[in-house]
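Visitor: Once you've had a glance at the structure underneath, I'll fire off some questions.
The values are calculated or read from the model by the stated rules, or taken from the named source; none is laboratory data. Worth saying up front: this structure is predicted, and the values here are computed from it rather than measured. In this analysis, Cβ positions are derived from the backbone assuming ideal geometry, glycine residues included, and neighbour counts consider all displayed protein chains. Surface areas here come from the heavy atoms of the whole protein model, side chains and all, with no ligands, DNA or RNA. Shrake-Rupley method; radii C 1.70, N 1.55, O 1.52, S 1.80 Å.
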Amino acid sequence: MLRFSKMSDKVSKIIDHVIWICFLALAILTPLIFFSGNIEIFEVPKMHFVYFTATVVLFATLIKSAIEGKFLIPKNLPFFIFLIFLLIQIISTFFSIDKFTSISGYPSRLNGGLLSQFAYLAIFYAGLVNLNFEKTKKLLIAVVLSALCVSLWGIAGHFGKDPSCLVLADNLTSDCWQEEFNPELRIFSTLGQPNWLASYLVLILPFAITFAMIFEKKVLTNFFAAVAVILFIALVMTTSRAGILGIFFGIATLAVFAGRGIIRENFKVVRIILLGFLAAILIFGGFLFSRIGEIVSRDKNPESRVEDQTQQPSHPVTQSPKGTESSEIRLIVWQGAIAAFKKRPVLGFGPETFAYSYYLYRPLSHNQTTEWNFFYNKAHNEFLNYLTTVGSVGTFLYMAFLASVIFVLFVQRGKVEPEKKLLIAAGLGSIIGYQTTIFFGFSTVASQTIMFLAICAILCLRNQNYFEIQIKEKLRTRFAQVIFLLGLIVLSFPLRLYFADLSWAKAKELESVNTAKSLSAYQTAKNLSPIYNSFIESDFAYRQAVYANILEDKSQADKYVKDADKKAQKADKSAQYNLIVKRRIANTYLLLAKVDPVFEQKALDLGQDLLKLAPTDPQSYLTLAKIQVGIGQKEKGQETLSLALLLKPDYLEAQELFSQLATE
């Protein structure tokens, strides 16, 4: 029995090390990961890493609990509210307009789908069970140091030496990006977009400032003061107005809850940091000020805004090269989000379905912006996004979760020593600053992962209380073995998702190179995916339709036509409200109709469906017009093009097709 006890202790310690390594990996590696082999470079590989690591940390925690003879359930208000929030998301998924997207998230984002929420719950639970004060402090330091690496990476890009280009294009320059993503103007580092980087930095900056005040050694104080300034320089270089507003509220919250006494004690280092911030704004804030000035100038000169164009022009019109102010576009998207929310106010359209619900109620004014043809899969307001997707019930619970965290930390700060009080103040500043920033944007994988790590870390500054489920000693080994086997099975799920995504990306890459190999990669992606993916299926069907059109062997072509039809029907049935999939299927049947006219009506029906799913989007009318022209209905095609041009008179592709048909 003594030998068994020693063995159990040894195994438990090994598992403790595994759990701790997982937490450090989440804190350090998540923001740094990007990979061009996925369907999307930044968010997708990060999310798959979080899926895998969260699964490991959860089952490692459960195995450790089984070995030690008790399962622990935290007596923690934010934890239980988040559980209820997740339950509401599950219920909303049952009524979702696209269940695949609700479960997995939008393919190029993933964050926000049910799977990501389960991953965050696993991280939250494991953190509350495993972290203590010493680990909490080390974990937050790791978060700050990772942010330092991310910031330096981005700052290098501002000066024309983006390390990402070295990784992706084997050339240390900033020229590997398209002009609109030029890091010399707005850095995005390893996060993928300037505003995403800004929200991530806002989340971490209060902790960097706090560590500069906590450490007594001058070297460490100066180091973290320098880190805080570097993070702020990176924030300024993003030129994110939401980020600057967020850090203002974050630092103000930190100052208020730290208290006048602590600020006075650390006034010297605080003054150095603030002077560093001021210098960063004066030296690197030129473009930021110009972006802030755009809002002011547009408010003073309303005639400079994009005019409402409702009449069809008698000659081609081109869109102004000057981009529509992002705040104007954001307001338009918010109008559509509110209109969609009003249609399903209780449980919404389903988690992460904004990409489809928005287009049902998309304002006409969106067509007069320079981003009229961008596909909006988020509301660019975290709270409106929740309102649209999980309704008032889900949004209330999300806000209740945030409020409960703030309440618990507020109560907790009065019962701890100064060092912990400072960290709690940093946690409050972090949460409030971050939520302010994503009020004008949305959460991403890195920022949301760090948010949950930070919340459970700060909550663990005080010892947690638990409900305990005791396990009889003779059953402990059996429980641990069963959990281990179950963990291996569950772990295969994120691995299959990841390799399916790699194959899907490979299939797309091969489309213009080798159609046969592309089809093979699509088949591999489909086989690997543990859940049915209508996006892969519709892409696969479309590529088979393309192949059928170039084959000279009629029997072979007929085989691919039948297979493409079968896949397209299945994808259409599972994604009735999915605008992206529906467009792909409509184009698939247009190609199939060229091989076999029996598919003409099906193509036409799908084209009509697009008008129902996106009644104010000119692209829907253009797609229908192409189908009508393709099956010989030239006059109807012209009528549909007229409607497209009525919605957007400067729609060049519609103008060109209309002119072409008029001269035939």
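Visitor: For Lys10, which lysines qualify as cross-link partners when the Cα separation must be under 24 Å and same-chain residues fewer than eight apart are set aside?
Guide: Lys64, Lys70, Lys135, Lys138, Lys472, Lys474
Visitor: Follow-up question, since we're still on this one. In segment 412-461, which trypsin sites (Lys or Arg not before Pro) are in a loop and have at most 12 other Cβ atoms within 10 Å, using DSSP for the loop call? Before the final figure, lay out each step's value.
Guide: Values: sites: Arg413, Lys415, Lys420, Lys421; in loops: Lys415.
Hits after loop and neighbour filter: Lys415.
Visitor: Can I ask one more? Spelling out what I want: for every residue of segment 620-628, take phi, set θ = phi - 60°, compute 6.51 cos²θ - 1.76 cosθ + 1.60 (Karplus), and round to whole Hz; glycine and proline get x.
Guide: 4, 6, 5, 4, 4, 4, 4, 5, 4
Visitor: Give the share of C-alpha pairs in each 10 angstrom bin for the chain, from 0 to the last occupied bin, in whole percents, shortest bins first.
Guide: 3, 14, 22, 25, 19, 10, 5, 1, 0, 0
Visitor: Return the whole-Å distance between the Cα centroid of segment 378-419 and the Cα centroid of segment 122-185.
Guide: 26
Visitor: On a 0 to 90 degree scale, rounded to 10, what angle separates helix 2-28 from the longest Cα axis of the chain?
Guide: Helix 2-28 sits at roughly 50 degrees to that axis.
Visitor: I'd like the distance between the alpha-carbon centres of segment 327-369 and segment 1-68, rounded to an integer number of Å.
Guide: 38
Visitor: How much accessible surface does Arg584 have with a 1.4 Å probe, in Å² rounded to 10?
Guide: Only protein atoms counted, so the area is about 60 Å².
Visitor: Out of segment 176-234, which trypsin sites (Lys or Arg not before Pro) are coil in DSSP terms and have no more than 15 other C-beta atoms within 10 Å?
Guide: Numbers: sites: Arg186, Lys217, Lys218; in loops: Arg186, Lys217.
Those satisfying the criteria are Lys217.
Visitor: Still on this model: Under 5 Å between amide H atoms, partner at least 5 residues away or on a different chain: which partners does Tyr466 have, H built in plane at 1.01 Å?
Guide: Lys75
Visitor: Rounded to the nearest 500, what is the chain's calculated 222 nm mean residue ellipticity when only DSSP H runs of at least 4 contribute -39500 (n - 2.57) each, over all residues?
Guide: Details: 27 runs with 475 residues, N = 664.
-24000 deg cm²/dmol, from helical runs alone.
Visitor: Here's another thing I want to ask about it. With a 4.7 Å Cβ cut-off, tell me which Cys residues in the chain come up empty for a partner.
Guide: By the Cβ distance rule, which asks for a partner under 4.7 Å, the isolated cysteines are Cys22, Cys149, Cys456, Cys460.
Visitor: Would you check the accessible area of Asp170, probe 1.4 Å, heavy atoms only, in square angstrom rounded to 10?
Guide: 130
Visitor: In Å and on Cα atoms, what radius of gyration and Dmax does segment 359-431 show?
Guide: According to the Cα coordinates of segment 359-431, Rg and Dmax are 19.1, 57 Å.
Visitor: Okay, moving on. Any idea what % of Cα-Cα pairs in segment 347-500 are farther than 27 Å? Display every interim value, and only then the final one.
Guide: On the way: 5991 of 11781 pairs.
Of all Cα-Cα distances in segment 347-500, 51 percent exceed 27 Å.
Visitor: While we're looking at this one, here's another question. Using the Cα centre of the chain as the reference point, and only Cβ charges (+1 on K/R, -1 on D/E), how large is the resulting charge dipole? Debye, rounded to the nearest 20.
Guide: The calculated dipole for the chain is roughly 2880 debye.
Visitor: A further question follows. Between Gln481 and Ile91, what's the calculated FRET efficiency when r is the beta-carbon distance and R0 is 41 Å? Round to 0.05. Spell out each step's value before the answer.
Guide: On the way: r = 34 Å, r/R0 = 0.83.
Taking R0 as 41 Å, the efficiency between Gln481 and Ile91 is 0.75.
Visitor: With θ set to phi - 60°, apply the Karplus curve 6.51 cos²θ - 1.76 cosθ + 1.60 along segment 525-539 and write out the HN-Hα couplings as whole Hz, x wherever there is a Gly or Pro.
Guide: Each residue of segment 525-539 in turn: 4, 5, 5, 6, 4, x, 10, 5, 10, 5, 5, 5, 4, 5, 5 Hz.
Visitor: Amide H of Lys70 versus every other amide H placed in the peptide plane: which residues, excluding those fewer than 5 positions away on the same chain, fall under 5 Å?
Guide: Placed amide hydrogens put Ile471 under 5 Å from Lys70.
Visitor: Continuing with the same structure: Keeping all protein chains in position, work out how much accessible area Met399 exposes to a 1.4 Å probe, and write it in Å² to the nearest 10.
Guide: Only protein atoms counted, so the area is about 100 Å².
Visitor: Still on this structure, I have one more. Per the Kirkwood treatment, what hydrodynamic radius in Å, one decimal, follows for segment 1-145 from the mean inverse distance over all distinct Cα pairs? Show your work: numbers first, answer last.
Guide: Details: mean 1/r = 0.0592 Å⁻¹.
Mean inverse Cα-Cα distance, inverted, gives 16.9 Å.
Visitor: Could you work out the mean projected area of the convex hull around the alpha carbons of segment 567-664, in square nanometres to one decimal?
Guide: Details: hull surface 23.8 nm².
Here the figure is 5.9 nm², rounded to one decimal.
Visitor: Against the longest alpha carbon principal axis of the chain, how many degrees, from 0 to 90 and to the nearest 10, is the axis of helix 241-258 turned?
Guide: On a 0 to 90 degree scale, this one is about 20.
Visitor: Would you work out the relative contact order for segment 442-551, in percent, from Cα pairs under 8 angstrom that are 6 or more residues apart?
Guide: On the way: 53 pairs, mean separation 20.6, N = 110.
Computed value for segment 442-551: 19 percent relative contact order.
Visitor: Around Lys554, with a cut-off of 14 angstrom between Cβ atoms, what is the net charge of the other residues, counting Lys and Arg +1 and Asp and Glu -1?
Guide: Here the charged neighbours net out to -1.
Visitor: Let me ask something else about it. Tell me, rounded to the nearest percent, the portion of alpha carbon pairs in segment 121-276 spaced more than 27 Å apart.
Guide: Tail of P(r) above 27 Å: 31 percent of Cα pairs.
Visitor: Express the C-alpha Rg of segment 524-567 as a ratio against the empirical globular expectation 2.2 N^0.38 Å, rounded to two decimals. Intermediate values should be presented prior to the final figure.
Guide: Values: Rg = 11.4 Å, N = 44, 2.2 N^0.38 = 9.3 Å.
Output field value: 1.23.
Visitor: Moving on. In segment 445-538, if the dipole is taken from +1 on Lys/Arg beta carbons and -1 on Asp/Glu beta carbons about the Cα centre, which of Ser492, Asn463, Leu528 is farthest to the positive end?
Guide: Asn463
Visitor: Still on this structure, please answer the following. Tell me, what is the percent relative contact order of the chain, built from C-alpha pairs under 8 Å that lie six or more residues apart? Present the calculation step by step, with values, prior to reporting the outcome.
Guide: Values: 1075 pairs, mean separation 122.7, N = 664.
Normalised by residue count, the contact order of the chain is 18 percent.
Visitor: Would you work out which of Ala557, Ser430, Ala516 lies farthest towards the positive end of the dipole of segment 405-559, given +1 charges on the beta-carbon of Lys and Arg and -1 on that of Asp and Glu, about the Cα centre?
Guide: Value computed over the given set: Ser430.
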